[in-house]
Amino acid sequence: MRIGELAARAGTTARALRYYESRGLLPARRDEHGHRTYDERDLRLLRQIRTLQDFGFDLEETRPFVECLRAGHPEGDSCPASLVVYRRKLDELDALIGELAAVRAKVGEQLARAEAARDELGAEALVPGGPEPVCELGG
């Protein structure tokens, strides 16, 4: 198949395919007229790359999976190098989850502080001669 057909079948662009080719992830085969040619194996490689990118892997992280498929393995993640990348990605995700949990806790603390301050102001407004409630949003 030609580059346009492969791009359409994989849900990407010819430009992306040329980029993958320049990075050595997609083979650069040409026919007698100089047109790029691809087959079902290339579509499989491309689907592996796209799936991993959808999961948040950067392009270079897909290389071991592509090489595993090129080596004839039925799945791109059945090689030791692919497993190493999976483990590293899980470590990265765990670190991000930890960072997000810390930020969430801080935002929760700020919310609790702000609600307590609001409630205190509201109670003062009920005292005769106390301050009038003021909306900070200009209302």
*Residue-normalised accessible area of the chain, given per residue in Å² at a 1.4 Å probe*: 69 Å²
*Tilt relative to the chain, helix 40-54 - C-alpha long axis, 0 to 90 degrees, to 10*: 10 degrees
*How far, in degrees from 0 to 90, does helix 80-126 lean away from the longest principal axis of the Cα atoms of the chain, to the nearest 10?*
20 degrees
*Can you pull out the GluC sites (Glu not before Pro) in region 17-113 that DSSP calls coil and that have at most 15 other Cβ atoms within 10 Å?*
32, 75
*Kindly sort 54, 91 by accessible area of their heavy atoms, largest first, with the probe set to 1.4 Å.*
54, 91
*To the nearest 10 Å², what's residue 62's accessible area with a 1.4 Å probe?*
0 Å²
*asked:* Using the crude model of +1 on Lys and Arg Cβ and -1 on Asp and Glu Cβ, and no other charge, please compute the dipole size for the chain relative to its Cα centre, in debye to 20.
replied: 1060 debye
*Each residue of region 10-23 in turn: what ³J(HN,Hα) in whole Hz from Karplus with 6.51, -1.76, 1.60 and θ = phi - 60°, glycine and Pro shown as x?*
8, x, 9, 10, 4, 4, 4, 5, 5, 5, 4, 5, 5, 8
*asked:* Within the chain, what whole-number % of the accessible surface is contributed by carbon and sulfur, with the 1.4 Å probe and all protein chains included in the calculation?
replied: 57 percent
*Quickly work out the residue 19-to-residue 81 label distance, labels modelled 7 Å from Cα along the C-beta direction, and quote it in nm with one decimal.*
2.2 nm
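The values are calculated or read from the model by the stated rules, or taken from the named source; none is laboratory data. In this text the structure is predicted, and so the values were computed from the model without any measurement. No Cβ is skipped: glycine too gets one built from the backbone with ideal geometry, and neighbour counts run over all protein chains shown. To get the accessible areas, we keep the full protein, side chains included, count just its heavy atoms, and leave off ligands, DNA and RNA. Shrake-Rupley method; radii C 1.70, N 1.55, O 1.52, S 1.80 Å.
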